[in-house]
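Structure, as structure tokens:
The values are calculated or read from the model by the stated rules, or taken from the named source; none is laboratory data. Predicted model only: the values in this text are computed from it and were never measured. Please note: Cβ atoms are built from the backbone with ideal geometry, for glycine as well, and neighbour counts cover all protein chains shown.
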Amino acid sequence: MKLSRILSNQNRISRRQANLLLASGRVQVDGKAVRDGAYEVSRFQQVCVDQTVVQAGEPAYYLMMHKPAGYLSATSDQQHPTVMELVAPDLRPHLHIGGRLDRASTGLLILSNDGSWSRALTAPENKLPKTYRVTTAYPLSPDTADRFSEGIWFEYEQLRTSPAQLEQISATEVRLTIYEGRYHQVKRMFHAVGNRVTGLHREAMGPLTLDARLEPGHYRPLSETEIRTVG
């Protein structure tokens, strides 16, 4: 929301009065004087006029979780446990899930209450890389890497996936990097080349890499540096 509008709404003053406060340098956003009424302020920022708080600013949450198998990436479910049950109860109402994994999959999951930030990380149009360690039922055919790099045709959507990079670790294990996030994309790509995924573990999303010290089911706040790398 524009700073001038916040001042008008909260102080019940006219836009002209708000602009006078701004011009005089009496308005601070997170402790810094701002004179531009068009300055966009998030709900997480504090706004003060002199020493009076006009907008306190909500706490922002950015969490990295090591998702274990058997948990749904959902806020609630009648049949299965969800990842929210692994989070402290007082945090649960504030969080949404960025970049879901299916129940059997494991690895990096992001939880936040900052929708703009998480969309910057997960929006398909941004084409940020997502890296997975994949275990397959059968040894990879020799042409799998080439076919993935050319893109796989999805009949249902009538489209070809973006080129993906595949690094073979063993006969039945690979590291795969994709740049989308379509429904069950990794499993469908391997199905298209005559194979089947038996294990899927996400290692990274964009600039964020799963902390190797995080045990399955555990989470930690992102550092300020990690937060700034997104968006």
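The table for this structure:
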quantity	calculated
Odd one out for residue 56, checked against (1) more than 27 Å from residue 212 (Cβ to Cβ); (2) surrounded by 17 or more Cβ atoms within 10 Å (Cβ to Cβ); (3) of a type in the set (Gly, Ala, Ser)	(2)
Members of the range 118-151 found to be closer than 23 Å to residue 99 by Cα, crowded, with 19+ Cβ neighbours inside 10 Å and not hydroxyl-bearing (Ser, Thr, Tyr), listed by number	121, 128, 130, 134, 148
Of the criteria (1) exposed (fewer than 15 other Cβ atoms within 10 Å of the Cβ); (2) within 35 Å of the chain's Cα centre (by Cα); (3) modelled with pLDDT under 95, which one residue 4 fails	(1)
Scope the range 172-219; condition among the basic types (Lys, Arg) and touching a strand residue (DSSP E or B) at 6+ places or on another chain (Cβ under 6 Å); matching residues	175, 187, 202
Which numbered condition residue 38 fails, given (1) aliphatic (A, V, I, L, M); (2) without any contact (Cβ under 8 Å) to a residue 40 or more places away in the chain; (3) surrounded by 15 or more Cβ atoms within 10 Å (Cβ to Cβ)	(3)
Counted residues, the range 127-139 - those being over 15 Å from residue 187 (Cβ atoms) and touching a residue at least 40 places away in the same chain (Cβ under 8 Å)	4
Yes/no for residue 10 being modelled with pLDDT under 95 and loosely packed, with under 14 Cβ neighbours inside 10 Å	no
Helices (runs of 4 or more DSSP H) contained entirely in the range 108-201, each with at least 2 residues that are at pLDDT below 95 and in the same structural domain as residue 74 (by TED's automatic domain parsing)	115-122
Top-ranked residue in the range 82-100 [being assigned to a loop (DSSP other than H, G, I, E, B) and at pLDDT 95 or above; ranked as surrounded by the most Cβ atoms within 10 Å (Cβ to Cβ)]	95
Selection within the range 50-68 - closer than 11 Å to residue 29 by Cα and in a strand (DSSP E or B)	53, 54, 55
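Condition check ((1) touching a residue at least 40 places away in the same chain (Cβ under 8 Å); (2) in contact with a Ser or Thr (Cβ under 6 Å, 6 or more places away or on another chain); (3) outside the structural domain of residue 133 (by TED's automatic domain parsing); (4) not in a strand (DSSP E or B)) across all residues:
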site: 20; (1), (2), (3), (4): no, no, yes, yes
site: 25; (1), (2), (3), (4): no, no, yes, yes
site: 44; (1), (2), (3), (4): yes, no, yes, yes
site: 48; (1), (2), (3), (4): no, no, yes, no
site: 70; (1), (2), (3), (4): no, no, no, yes
site: 77; (1), (2), (3), (4): no, no, no, yes
site: 80; (1), (2), (3), (4): no, no, no, yes
